[in-house]
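Everything below concerns the one structure shown next.
All of the numbers you see were taken from the coordinates with simple rules; none came from a lab. What you see is a predicted model, and the numbers here were worked out from it, not measured in a lab. Because the Cβ atoms are built from the backbone with ideal geometry, glycine has one as well, and the counts that use them run over all protein chains shown.
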Amino acid sequence: MENQEIEQLQTSEPESAAGVPEADLVRAIEAILMAATEPVEPALLAQLLEQPAATLNRLCQRLATSYEEEQRGFQMVRVAGGWRYQTHPDMVAQVERFVLDGQRARLSGAALETLAIVAYKQPISRAQIASIRGVDPDGVLRTLQSRGYVDHIARDPGPGQAALWGTTVRFLEKLGLDSLADLPPLAGFVPGADVVEALEQGLRVVPVIETPMDNDRPPATA
Amino acid sequence: MENQEIEQLQTSEPESAAGVPEADLVRAIEAILMAATEPVEPALLAQLLEQPAATLNRLCQRLATSYEEEQRGFQMVRVAGGWRYQTHPDMVAQVERFVLDGQRARLSGAALETLAIVAYKQPISRAQIASIRGVDPDGVLRTLQSRGYVDHIARDPGPGQAALWGTTVRFLEKLGLDSLADLPPLAGFVPGADVVEALEQGLRVVPVIETPMDNDRPPATA
Amino acid sequence: MSYEVTTPVFEGPFDLLLHLILSEQVDIHEVSLARIVDAFLVELGRMENVDLDVATEFLLIASTLVELKARRLLPGREDMDLDEELALWEERDLLLARLLECKTFKDVGQVFARYSTLADSSWPRAAGPEEPFASMLPDLMDGMTPAKLLRAAERGLTPKVVPKVELYYVAAVRVSVADALEELFDELPRVGRITFRRLTDGLVDRLEVVVRFLALLEMYKQGYVELEQAERFGDIEVIWLGAEVGASGVSIDDYEG
């Protein structure tokens, strides 16, 4: 999988495998991506252009950087495992005015949180999600599934054979990620000492002596 | 959002009407054309970017020339009165290969249902489709439009001026029908009154059906 | 409907607890039920539409709080033995761990929100290949017939159950906790013991269900009923404890609005 090629200095016309000038490969990449409606995997480019995938990925990378340097109104990005053209985020205002139905569906806090749990813990059962969120996740899962961001990716081998949830390619596209490996490490999100302390305080078991009057209800059972 | 850096194409940084640097306009043109699925008329660009059409046409012309000079794999051409990106004729072999080998070919269940809803309920807004399907239909509509089965056929006369979708001539051709009147009637299918009412309530835009059969437009990709 | 934006939207009992503990540093013991009820109704007003999930989640928030309050009251009782006390500590640690985990993913969710906002500010190339390539594309409608399309239309037009109530609809429902209390004081002594599900069987509107639950919480607080929930998300059992005091003795504000 590694790139075995030696990155050529751009002095003369560099050629890659099978003697195709790199400039021609770059042109072909531009043409193919312009015609594509989904991210194009380097493996597919490799197959179509009969070059090692590593070469094509390197060329794509360089092309993407050059667009950025030239301050194009579009960019070439790696999303959901492939390369694609998209409008530059700087141009959001102008494109929004142009695109019909420019409003994008926004995700609710509950949806984002559930998505986060599924993304990091997949494959995960409904019950496990419920346990983490403290609420029944069925409605949110249904919404996320109907939008295509999560789906059943496996079944629990245990007795219940519960469906296990995972994220989809559309999830990666929605967040603009290339792969799940691009998710930030979960360790970075563990609450700090101050939060832990506050929670411990809030959940003190010993009742506060000064406010014994809150229990103006009779004992639980007669 | 702004990018005041010097655009390499230019020597000094010329400004056009309303003091917008030309480099910014060029970026906006690139972004809009990248997002467009049909040729964009200079008049529309002029309106969107609040510049004289002549200015924009000049900038488009220059941009098109620069792509040609840079030997891009795509080109910017004037087709049917508007500007669009397309693949460079030099790359015909590679693009053909991509189109034939690289594209998946199956109408998903969601796409089929959406297509059927558009066929029977046209003209229909994105919001109405979303309300009926319970999901965001953007991705599916994009696919159907790129295949030339559906297109914008009108605008909602109401406040939002939402684009209204309908099927194309190509759609009818694929089904071997002369007109929409030949679709098998939905008659046998009558949802209960409560269902209809609930749906109506969920609908935000009720289109005024004044151009019901306005789909003698060419397919999107023509 | 214009409400001051005073509280965030609570996504669940953990969410509410985290908010109460972290944002306001309020001891659970001092959390007044009335305050939460108020906060909830404000939330309800702020929401553009109310769906079943929200209502259900709220019921769970409330029952969790009740459980917590009940727990908190336990150590004060004389008959508390060491085993029970240890069990309580265990429960507390478990709850703490779950709150921490919940908080972790809550923070991740915010990062996801940033990612998706950025991703939403770009539009992917979607035009597809131009002619003559477009007509070379394998046609997605190959094999499609009018009859198949009809069946797809029937499937597509059959409404999915997506509970959604517009705000004006909610506003039109005139229910108050006081009214619900009156009904409950009438009904509960007759049945003695009933599940919450059955108690709300005849109610069509979700807001009515919620209001009825609020009324029950008030009765619980004042010692008229016992609430039991055998398992998380399980049925809530309502047990009438008898009344020396009548409904007239209950003081409750009308929580509406």
Check: Where the label is 7 Å out from Cα toward Cβ, how close does A:Val196 come to the same position in every other copy, in nm, shortest first?
Finding: 6.2
Notebook entry, point to check: Whose amide H sits under 5 Å from the amide H of B:Trp83, counting only residues 5 or more places off or on another chain, with H placed in the peptide plane?
Noted result: B:Val40, B:Glu41
Check: Amide H to amide H, which residues 5 or more places from B:Ala154 or on other chains are under 5 Å from it, using H placed in the peptide plane?
Finding: B:Leu164
Note to self: Once the label point is set 7 Å along the Cα-to-beta-carbon vector, what list of distances in nm do you get between B:Gly158 and its counterparts in the other copies?
What the structure shows: 4.8
Check: Taking the Cα-to-Cβ direction at A:Ala43 and at C:Thr117 and moving 7 Å from each Cα, how far apart do the two end points lie in nm?
Finding: 3.6
Notebook entry, point to check: What is the stretch B:118-191's relative contact order, in percent, from Cα pairs under 8 angstrom and six or more apart in sequence?
Noted result: 31
Next item on the list: Using the Karplus curve 6.51 cos²θ - 1.76 cosθ + 1.60 with θ = phi - 60°, work out ³J(HN,Hα) for each residue of the stretch A:39-44 in order, rounded to whole Hz, and write x for Gly and Pro.
Entry: x, 9, 5, x, 4, 5
Check: Among the GluC sites (Glu not before Pro) within the stretch B:32-130, which fall in a DSSP loop and have no more than 13 other Cβ atoms within 10 Å of their own Cβ?
Finding: B:Glu50, B:Glu70
Notebook entry, point to check: Taking the Cα-to-Cβ direction at B:Gln161 and at C:Asp83 and moving 7 Å from each Cα, how far apart do the two end points lie in nm?
Noted result: 7.6
Checklist line | At R0 = 60 Å, FRET efficiency that the Cβ-Cβ distance of C:Glu131 and A:Ala187 yields, to 0.05 | finding: 0.70
Checklist line | Within-12-Å neighbourhood charge of A:Pro184 [Cβ basis; K, R +1; D, E -1] | finding: -1
Check: C:Arg197: net charge of surrounding residues, Cβ under 11 Å, Lys/Arg +1, Asp/Glu -1, itself excluded?
Finding: -2
Next item on the list: Provide a whole-number value for the mean count of partner chain Cβ atoms within 10 Å of the Cβ atoms in peptide B:86-97.
Entry: 6
Next item on the list: Would you mind calculating the gained length between A:His152 and A:Gln122 on full extension (0.36 nm times residue separation, minus the Cα-Cα distance), in nm to one decimal?
Entry: 9.8 nm
Next item on the list: Rank-order B:79-86, A:190-197, A:116-123, B:32-39 by packing density, defined as the average count of other C-beta atoms within 10 Å over each peptide's residues, highest first.
Entry: B:32-39, A:116-123, B:79-86, A:190-197
Next item on the list: Kindly give the distances from B:Arg78 to its copy-mates, label point to label point, with each label point 7 Å from Cα along Cα→Cβ, as nm values to one decimal ordered shortest first.
Entry: 4.0
